[in-house]
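The values are calculated or read from the model by the stated rules, or taken from the named source; none is laboratory data. It should be emphasised that the depicted structure is a prediction, and the values quoted were computed from it without experimental measurement. Cβ sites come from the backbone with ideal geometry, for glycine too, and all protein chains shown count toward neighbours.
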């Protein structure tokens, strides 16, 4: 993009391709906390567009991968989007992450980050996925409110205290986090690295114990969201952008927390961090 005068690029790049469907709610969630977020098609980063619409990832302070069914989730959820990014943007994306910029992937975005090797990234960005978000144990699409506990801090969750429980909905068919055959060894490493950021739980914060519906998909260790070892990349299956306002909460008639829904605190955390480093 060509900048003139006092033009300034938006704070957040909300990246999409065909099949992405949560980009507008996500953009509005950022706007609601004072951040400027731009909807950017992958073709704009690749230069496959008109010259004035070209964008560079390095112009943004954060990359956001929203939910949906990118490329129809053919092959595996998020696999095609991830492959397209790695093939053409691999070096640029690596520089972006290693420079400490924030990356958030929600639902399909979490699947994409895992497919790209950006999560869990025990030894840096891996060439092949080392974890998977696969079919829910129920074999059904799950669209329901869930409770998740904040168990480790990141720059993207700074306004949450450890142990805080928030109600955030899920909407996915492939949300079960697993390491497959290396489950025990790699889960141990994930725990020791403090990379688990959110875990599914019961209303009172007690463990879901991988029991449905508290754990809606059967994820190991009730994992709902993880970060990379450097803590600037976060993947989360529940959708915080869908509960920005109190009226979007399932219990809005029984609790009065002002106008904010439980998901807003995630975006407030991001805004606080980005504004502090400017």
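Residue 146 satisfies every condition listed in (1) more than 15 Å from the chain's Cα centre (by Cα); (2) within 30 Å of residue 87 (Cα to Cα); (3) part of a strand (DSSP E or B) except (2).
Considering only segment 214-229, state which residues are more than 18 Å from residue 153 (Cβ to Cβ) and in a loop (DSSP other than H, G, I, E, B). Within segment 214-229, 214, 215, 216, 217, 218, 219 qualify.
For segment 252-278: of the residues being touching a helix residue (DSSP H, G or I) at 6+ places or on another chain (Cβ under 6 Å) and under 10 Å from residue 168 (Cβ atoms), which is surrounded by the fewest Cβ atoms within 10 Å (Cβ to Cβ)? Applying the filter and picking the extreme gives 261. Taken together, the criteria place residue 249 among residues that are at pLDDT below 95, surrounded by 15 or more Cβ atoms within 10 Å (Cβ to Cβ) and either closer than 26 Å to residue 94 by Cβ or touching a strand residue (DSSP E or B) at 6+ places or on another chain (Cβ under 9 Å) (or both).
How many residues are surrounded by fewer than 19 Cβ atoms within 10 Å (Cβ to Cβ) and under 26 Å from residue 190 (Cβ atoms) when one looks only at segment 230-246?
Of all residues in segment 230-246, those surrounded by fewer than 19 Cβ atoms within 10 Å (Cβ to Cβ) come to 230, 245-246.
Keeping just the survivors that are under 26 Å from residue 190 (Cβ atoms) gives 230.
Summing the residues that are surrounded by fewer than 19 Cβ atoms within 10 Å (Cβ to Cβ) and under 26 Å from residue 190 (Cβ atoms) in segment 230-246 gives 1.
Conditions (1) under 26 Å from residue 63 (Cα atoms); (2) part of a helix (DSSP H, G or I), marked per residue:
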site: 166; (1), (2): yes, no
site: 171; (1), (2): yes, no
site: 185; (1), (2): no, yes
site: 209; (1), (2): no, no
site: 212; (1), (2): no, no
site: 231; (1), (2): yes, no
site: 235; (1), (2): yes, no
site: 252; (1), (2): no, no
site: 268; (1), (2): yes, yes
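Per-residue answers, yes or no, for (1) loosely packed, with under 14 Cβ neighbours inside 10 Å; (2) at pLDDT below 95; (3) over 30 Å from residue 176 (Cβ atoms); (4) touching a strand residue (DSSP E or B) at 6+ places or on another chain (Cβ under 8 Å):
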{"residue": "8", "(1), (2), (3), (4)": "yes, yes, yes, no"}
{"residue": "34", "(1), (2), (3), (4)": "yes, no, yes, no"}
{"residue": "37", "(1), (2), (3), (4)": "no, no, no, yes"}
{"residue": "41", "(1), (2), (3), (4)": "no, no, no, yes"}
{"residue": "60", "(1), (2), (3), (4)": "no, no, yes, yes"}
{"residue": "74", "(1), (2), (3), (4)": "yes, yes, no, no"}
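Of all residues in segment 114-151, exactly one satisfies the criterion of being in contact with a strand residue (DSSP E or B) (Cβ under 6 Å, 6 or more places away or on another chain), more than 18 Å from residue 220 (Cα to Cα) and either without any contact (Cβ under 8 Å) to a residue 24 or more places away in the chain or surrounded by 23 or more Cβ atoms within 10 Å (Cβ to Cβ) (or both), namely 118.
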